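Nothing in this text is a laboratory measurement; each read-out follows from the coordinates by a stated rule. Here the structure is a predicted model, which means the values were calculated and not measured. Cβ atoms come from the backbone with ideal geometry, glycine included; neighbour counts cover every protein chain shown.
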Amino acid sequence: MTTDPLRTFDEAIDYLYSYVNWEVERHVRYSPEVMTLERPRRVLSALGDPHRQYPVIHITGTKGKGSVGAMCAAALQAAGLRIGLYSSPHLQDFRERFRVNNQLIGEEDFIALVNDLRPAIETIPDITWFEVTTALAFLFFARQQVDAAVIEVGLGGRLDATNVVTPVVSVITSLSYDHTYLLGDSLASIAREKGGIIKPGVPVVSAPQPAEALDVLVGLAEEAHAPFTLVGRDWLYAAGDSARDGQTFVAGPADGPQGTYRTALTGEHQALNATVALAALEWVRRAGLNVPDEAIRDGFRRVDWPGRLEVVQRSPLLVLDAAHNGASARFLAASLTDLFPQRPIAFIFGASADKDVEGMFDALLPLADYLVAAQAVHPRALSVEEIAARARARGYERPIVKAPAAEAALSLASELVGPDGLICTTGSLFIVGEMRTVCGLPVGHILPSIQQPAAPSRTAEQG
């Protein structure tokens, strides 16, 4: 039962982490009997159902959901609206998960919210860390009187605590293999879990999907009588020039005019993510929010989402990218080849034990002159010995260096590549977050001054 109030931010964080985290406790069975929406519904009901007090964009997917959410939030904010953004995991500070108009929740607000939640959550047996965290986000946004909230699924979709919402649009970004120990080892089973966010009559926007996954999503939408918008069919896009400070693209509905846009997020794959955001924002407009075209363009140009092909140092060039599965690593490899001709290249690589390390290595190791194995400070992080062993098992014969922590990894990689080389830190959000801290970067925000010097565009290089 509730006793003395929590008085410091550290006390509030420790209190939250006293609840079981099923993303870490892998032995817990992912099933309706264990992961039930009943607990978050009970908590939110006790709080007055704050998640029903504003329109919601609900986003799931394997890759790109953070970028899509950030672009949606940035465009809505540029339209003069007050926008909440709930995302996970964080890079450096737990407060990154809760933003209003891209400002992190204040420590005092966080402490007050946790204290206010305690009477409700302490009456509910077996409530989990993420369920509590999600309730905190919904309550925070209600108290901040947001005009809308962008809510990112934590894990899966069907049984995720965020799935208590009835959104104005459900968004499903690109699906690939991840969390297979929970979501299933086929794309159909993964699509079934992610597609669980589809609600009766609520429009759905999907990125292009493998046929096996798309069939499932279309079936779920038909059962729910939910209008289904597919990027690549109903909305078209074409990537334009790629540069280190952003990506241009042309996009629009298949039966309507196409517009030219630029997003501050780098890489051709961000043209796809931005088009998914555009299609979702069209449904938001139809729901009654005023989002002018110029606000969307302005928001995309200004979107502030660190850890995605983020250039944070010039000599040697240091790029941070949170690719953490095979498909994301392939996008990363293509972007590095396209945008960063520097040689030699060293990868600082740290990954969680449940990730597709072999798939990531197949994409990245052909580019690597050096591999620096690093262990993130996380209970699921692979050891440096295991990373090195797996790299050798994939046939990598070039030098491997083992580093005890991110700071040592950066020092070693800098010595290996020299001032004109390239270092890419990747493999997990955790190792990217630790590297941002080592580099003294602002929590939750990019450094535009570092991003500005752009390489020649891909078109210019070919010309």
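Brief remarks follow.
- Taking chymotrypsin sites (Phe, Trp or Tyr not before Pro) as exposed when their DSSP state is a loop state and no more than 16 other Cβ atoms lie within 10 Å, the longest site-free interval of the chain runs over 20-463.
- Other-chain or far-sequence residues with amide H under 5 Å of V171's (modelled H): H58, I59, T60, V205
- Annotation: amide H-H contacts under 5 Å for Q313 (H modelled 1.01 Å from N, sequence separation of 5 or more, or interchain): L318.
- Of the GluC sites (Glu not before Pro) found in the stretch 109-192, those in coil by DSSP whose Cβ has at most 14 other Cβ atoms within 10 Å are E122.
- Amide N proximity, the stretch 83-121 versus R7 label position 7 Å along Cα-to-Cβ, cut-off under 18 Å: 107-116
- Average 1/r across all pairs of distinct alpha carbons in the chain, invert it, and you get the Kirkwood radius: 22.5 Å.
- Contact order normalised by residue count of the stretch 9-302, Cα under 8 Å, 6+ apart, percent: 22
- The length gained on full extension between E38 and D304, counted as 0.36 nm times the residue separation minus their Cα-Cα distance, comes to 92.3 nm.
- Per-residue Karplus couplings for the stretch 44-60, computed as 6.51 cos²θ - 1.76 cosθ + 1.60 with θ equal to phi - 60°, are listed in order as 5, 4, 5, 8, x, 6, x, 6, 9, 9, 7, x, 10, 9, 10, 10, 10 Hz, Gly and Pro entered as x.
- Violating pairs (Cα-Cα greater than 23 angstrom) within the set K63/K355; K65/K402; K199/K355: K65/K402; K199/K355
- Simple point charges give the picture: +1 on the Cβ of Lys and Arg, -1 on the Cβ of Asp and Glu, and for the chain a dipole about the Cα centre of about 500 debye.
- At R0 = 51 Å, FRET efficiency that the Cβ-Cβ distance of Y17 and D369 yields, to 0.05: 0.80
- Phi-based couplings in Hz for the stretch 405-414 (Karplus 6.51, -1.76, 1.60; Gly and Pro marked x): 7, 4, 4, 5, 4, 5, 4, 5, 5, 5
- The slack between A405 and A46, meaning 0.36 nm per residue of separation minus the straight C-alpha distance, is 124.9 nm.
- For W235, nonlocal amide neighbours, meaning residues 5 or more places apart or on other chains whose placed amide H falls under 5 Å from its own, are L230, A254.
- Placing one equal scatterer on every Cα of the stretch 303-361 and applying the Debye formula, the log10 ratio I(q)/I(0) at q = 0.21, 0.29 Å⁻¹ is -0.90, -1.38.
- The stretch between E294 and S315, if pulled fully straight at 0.36 nm per residue, gains 3.9 nm over its current Cα-Cα span.
- Cα gyration tensor category, rounded, prolate or oblate, for the stretch 310-440 with a/c compared to 1.5: rounded
- Helix-derived mean residue ellipticity, 222 nm - over the chain, DSSP H n ≥ 4, -39500 (n - 2.57), to 500: -11500 deg cm²/dmol
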